[in-house]
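Reading through the structure tokens given below for one structure.
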Amino acid sequence: MKQDKTQTSSMTSDEIVLYDKEELMANSRELFDCTPEVIVGALQGDSETMYEIAYVNQAVQNFLQRKVQE
């Protein structure tokens with residue numbers, strides 16, 4: 001995966017790497033052990049266009065643990 005955008009904080013030297021939704025979906029099995037459709041569901045309603053892997057991982061976990069509405 002290529003890095004689309006990096007931001008550095010002036011307080012630390014850690015880099016925050018952001019990826020677009022399509023790239024995360026294309027690599028969903030390797031990164032999150034799920035199908036691309038799970039990424040779509042986990043990020044539904046989110047207006048962001050670029051994401052951190054940790055953010056998406058948490059969103060996927062939350063999505064998979066939701067109760068199904070009948």
(request) Quick one: which residues, 5 or more positions from C34 or on another chain, have an amide H under 5 Å from its amide H? H modelled 1.01 Å from N in the peptide plane, none for Pro or chain starts. (result) R29
(request) Could you go through region 29-37 in sequence order and give the Karplus-derived ³J(HN,Hα) for each residue, using 6.51 cos²θ - 1.76 cosθ + 1.60 with θ = phi - 60°, rounded to whole Hz, and x for Gly and Pro? (result) 5, 6, 7, 10, 6, 8, 7, x, 5
(request) For L64 and E52, calculate 0.36 nm times their separation in residues minus their Cα-Cα distance, and state this gained length in nm to one decimal. (result) 2.5 nm
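Rule-based calculations on the coordinates, nothing more; no lab input. Quick caveat: nothing in here was measured; it's all calculated off a predicted structure.
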